[in-house]
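The values are calculated or read from the model by the stated rules, or taken from the named source; none is laboratory data. These numbers were taken from a predicted model, which means no experiment stands behind them. Cβ atoms come from the backbone with ideal geometry, glycine included; neighbour counts cover every protein chain shown.
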Amino acid sequence: MTKRTLYSLALLLIAGLVLAACGSSKKTNSSSTAASGPGKGKPAVTLGTKNFPEEFILGQLYKQALEAKGFTVNLKNNIGSTEVIDTALTSGKIDMYPEYTGTIVQEVEKSNTLPTSAAATYAQAKAFEEKRGFTLLAQTPFYDRDALATKPAYAQQHGLSAISDLKKAGAFSFGAPPESKTRYQGLVGLQKLYGLTGITFVPLTIGLQYQALDSGKIQVADVFTTDGQLLSGKYKVLDDDKGLYGFQNAVPVVKKSLVSSEGPAFTQTMNSVSALLTLPAIQKMNAAVVLDKQDPAAVAGQFLQANHLK
Amino acid sequence: MIAIAAGPVIPSFGGSAHSCVRANHFFCWGWFKSNWSGVFQPALLQHLKLTLIAVAVGFVLAFAAALVAYRFSWFETPFSLLSAFLYTVPSLALFQLLIPITSISTLTVEIALVSYTLLILFRNTLIGLRSVPDEVLEAARGMGLSRRQTLLRVELPLATPAIVAGIRIAAVTVIGLATVAAVVGLDKGLGSPIYKAIQIGPFKTELFAGAVLAIALAVVADASLAVVQRLLTPWTRK
Amino acid sequence: MDAKVIPAADIFTFVGDHPSLLWHSVLQTLGLFAAAFAIAVAVALPLAIWLGHLHRGSFLAINIGNIGRALPSLAVISILLALVGIGFLNVVVALALLAIPVIVTNTYVAVDGVDRDVVEAARGIGMTPRQLLARVELPLALPLIFAGLRTAAVIVMATTPLAAVAGGSGLGQIIVNQPSYGLDGVIAASLFITALSFIAELGFAGLQRVLTPRGLRQTEKVPALGPALRT
């Protein structure tokens, strides 16, 4: 045998051994065996999440809390933006997902009215969903709005403390997820409500905007108010003085028929998780995932355990 | 543990991370090791499974189609055109087109991956079969072999190098394309840690680990199938 | 959404409604393509011609094609994103990296594989190595070199949509933005990319015909390395 054949055979052997070793260890679960509890025997729930870390955390929180009570949960993680996941919901591919009240009103319902309180936003969102065959469970204490952030030096240079001040800044590059281009709570609202005409739109996958800010590729970034990166103090968040981004408490959107078929313990479990999610809680969890690079499942698990929901 | 009055208990989530991770250095071996079994091993196995199914199904379909085209030559053009067209659709787009029909599921990923294998497997199998020299076919006929016997004992064995070469290319192609599935919401395979890493910064360690694993998987598959190709065709060795 | 069959009319409507968007996206895609392809050719072609002429480095030159084919596009784009950051440069380099292996392998095999008898004959009549390369080896190697260039062109063109994930511009930005542009937009942009890939393929085929000396034009041999890498 030539040296080359020997080498290739060795490669094949190594590959085979590696795969055998991998195959023999236990697979991690995506829907674990149910614990005992009120959920046992109930139909399985398919839970989806949108495409950013906070949603991954919310998904894990609800999934693990339900599983601790015996429910069976299939998690479909990182599905996409609001528009994409709403399609998944309405076409029956998922049964529920965590959404934000203001987003339901502005981007799903595409309402022309801007509710003026968190409670009013929730009520309007709920009324809309119930017409479609879905309902909202209890909303979280925390809210997570989109916001505009800049580097402190840029804000100081142009005297920026609120979004309206951006008019003074002239032309600037604005980094946001691609779908913001046609959203009212996105580029459209910034142009219409705030009258900002000098915007160069730079579409960026969610998560890359901070790097783009740091490197100077954009001057203004679309961020979430609960982002872990904002805790570092490296960015200045501009005040939404005209209330474009509304009220954005998180809320599970659930198929109405599922609520009845899963029983009262389902709603109770979901609500007890939501009640714990204060602003400091979600911010710390976001920081753990985004800054410390911890696994959302682990972070959610620790949180639930510390609060006796798991 | 930090207790907040009248609020939830917020644990410290495993303490502050290693400085390597916080500083987002190129590769934090500790993080990789502790996340191997939770993140990378499942992703690798999912990826392998996706690939094996796609290549197997694609092979069955393309092989059958090639046999039909070998026998009935009018079949070649329509099937070639169809598989060539499927091959050229950008993967991102194909996944998005399938999702409304087959939803966010492994089936969607598999349908897309299978359609990318059809062209190369079909073309190579057909070329392999057609490359059998006429004299050999004459000899087989002279020996009294039936059409089926000729196919099984003469034509297919001689077509093996081209067929295996096609499987090799198909496997590597599928491994590469399966990473794209995560970008459109199909959270399985090695594309999942790569995409998630992009979504937090990017997080270099997770990104490199996922990317390198995908590359390694493809290289190993390619090398292994190259060995298989050589073993199956001793008469082609120099 | 129950749109199982997208009527062709919707796609035309989209194109009709967004002419400047599509035009600008096409230009951006062509810009990415041109930059990446130019870099790939500048790096790969001279190196591979030189190695082929000297008949050196065959193991590397041939296997780099295999390695290159095995590089998942998303993996390369992501790695460059982490190393270089967001934007044009990172995407261009990633695309060039994906194209270089094919060009190297095809070019090397082409130049190295020129009929030895012909080479000997040329040397016999007193050609210098440079004359040999320019007047004998390169013309005879052209078909296979162009097969590599064509394959590389299709690779680069067809990978540009994926670059949108890492901040690349062009038609990919429509393809990843189904929320804004709808499925019609995604399909329309995909068809444009497909068309551009075909144009690239045909363009190089034409260029090959023009550049091949008349005496050497013959029916095309099946390229040894198979069809393009998918993206």
Sole residue being in contact with a Leu (Cβ under 6 Å, 6 or more places away or on another chain) and modelled with pLDDT under 95, chosen from A:Lys234, A:Lys284, A:Lys242: A:Lys242
Only one of (1) free of Cβ contacts under 8 Å to residues at least 24 places away in the same chain; (2) not in a helix (DSSP H, G or I) does not apply to C:Leu71, and that is (1)
Evaluation of B:Asn124 against (1) in contact (Cβ under 8 Å) with a residue 40 or more places away in the chain; (2) buried (at least 20 other Cβ atoms within 10 Å of the Cβ); (3) farther than 23 Å from B:Val68 by Cα (one fails), failing number: (3)
Could you run through region A:87-110 and say how many residues are more than 9 Å from A:Gly48 (Cα to Cα) and aliphatic (A, V, I, L, M)? 3
Only one of these is within 11 Å of chain B (Cβ to nearest Cβ), of a type outside the set (Val, Ile, Thr) and surrounded by 19 or more Cβ atoms within 10 Å (Cβ to Cβ): C:Leu51, C:Leu98. Name it. C:Leu98
Taking helices (runs of 4 or more DSSP H) that fall entirely within region C:126-215, which contain at least 2 residues that are within 14 Å of chain A (Cβ to nearest Cβ)? C:172-175, C:178-211
Number of positions in region A:255-303 that are more than 10 Å from chain B (Cβ to nearest Cβ) and more than 30 Å from A:Thr90 (Cα to Cα): 0
Candidates C:Leu21, C:Leu47, C:Leu32, filtered to the one that is in contact with a Ser or Thr (Cβ under 6 Å, 6 or more places away or on another chain) and part of a helix (DSSP H, G or I): C:Leu32
Taking the stated definitions as given, is C:Val41 farther than 28 Å from A:Thr205 by Cβ, β-branched (Val, Ile, Thr), part of a helix (DSSP H, G or I) and modelled with pLDDT of 90 or more? yes
State which residue is surrounded by the fewest Cβ atoms within 10 Å (Cβ to Cβ) when the search covers only region A:189-245 and only residues that are under 21 Å from the mean Cα position of the chain (by Cα) and hydroxyl-bearing (Ser, Thr, Tyr). A:Ser232
Quick one: in region A:177-209, which of the residues that are small (Gly, Ala, Ser) and within 28 Å of A:Val289 (Cα to Cα) is modelled with the lowest pLDDT? A:Gly207
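Every residue, every condition in (1) within 14 Å of chain C (Cβ to nearest Cβ); (2) crowded, with 21+ Cβ neighbours inside 10 Å; (3) assigned to a strand (DSSP E or B), yes or no:
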{"position": "A:Pro141", "(1), (2), (3)": "no, no, no"}
{"position": "A:Ala149", "(1), (2), (3)": "no, yes, yes"}
{"position": "A:Ala153", "(1), (2), (3)": "no, no, no"}
{"position": "A:Gln156", "(1), (2), (3)": "no, no, no"}
{"position": "A:Leu160", "(1), (2), (3)": "no, yes, no"}
{"position": "A:Asp165", "(1), (2), (3)": "no, no, no"}
{"position": "A:Lys168", "(1), (2), (3)": "no, no, no"}
{"position": "A:Ser173", "(1), (2), (3)": "yes, no, yes"}
Checking B:Gln46 against (1) more than 8 Å from every other protein chain (Cβ to nearest Cβ); (2) more than 16 Å from B:Ala181 (Cα to Cα); (3) part of a helix (DSSP H, G or I); (4) of a type outside the set (Val, Ile, Thr), which single condition isn't satisfied? (2)
Is it the case that some residue within region A:191-205 is within 30 Å of A:Ala281 (Cβ to Cβ) and in contact with a Phe, Trp or Tyr (Cβ under 8 Å, 6 or more places away or on another chain)? no
Which ones in region B:191-222 are more than 8 Å from chain C (Cβ to nearest Cβ) and within 30 Å of C:Ile62 (Cβ to Cβ)? B:Ala209, B:Leu213, B:Ala216, B:Leu217, B:Val220
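Considering only residues that are touching a residue at least 60 places away in the same chain (Cβ under 8 Å) and of a type in the set (Gly, Ala, Ser), look in region B:93-121 and name the one that is nearest to the other protein chains (Cβ to nearest Cβ).
B:Ser105
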If you take the residues of region B:3-33 that are aliphatic (A, V, I, L, M) and surrounded by 13 or more Cβ atoms within 10 Å (Cβ to Cβ), which of them is modelled with the lowest pLDDT? B:Ala17
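Checking the conditions here, which among C:Ile79, C:Ile11 is in contact with a helix residue (DSSP H, G or I) (Cβ under 6 Å, 6 or more places away or on another chain), within 30 Å of A:Ser91 (Cα to Cα) and assigned to a helix (DSSP H, G or I)? Please lay out each step first, then the result.
Values: C:Ile79 fails: within 30 Å of A:Ser91 (Cα to Cα).
So the residue among C:Ile79, C:Ile11 that is in contact with a helix residue (DSSP H, G or I) (Cβ under 6 Å, 6 or more places away or on another chain), within 30 Å of A:Ser91 (Cα to Cα) and assigned to a helix (DSSP H, G or I) is C:Ile11.
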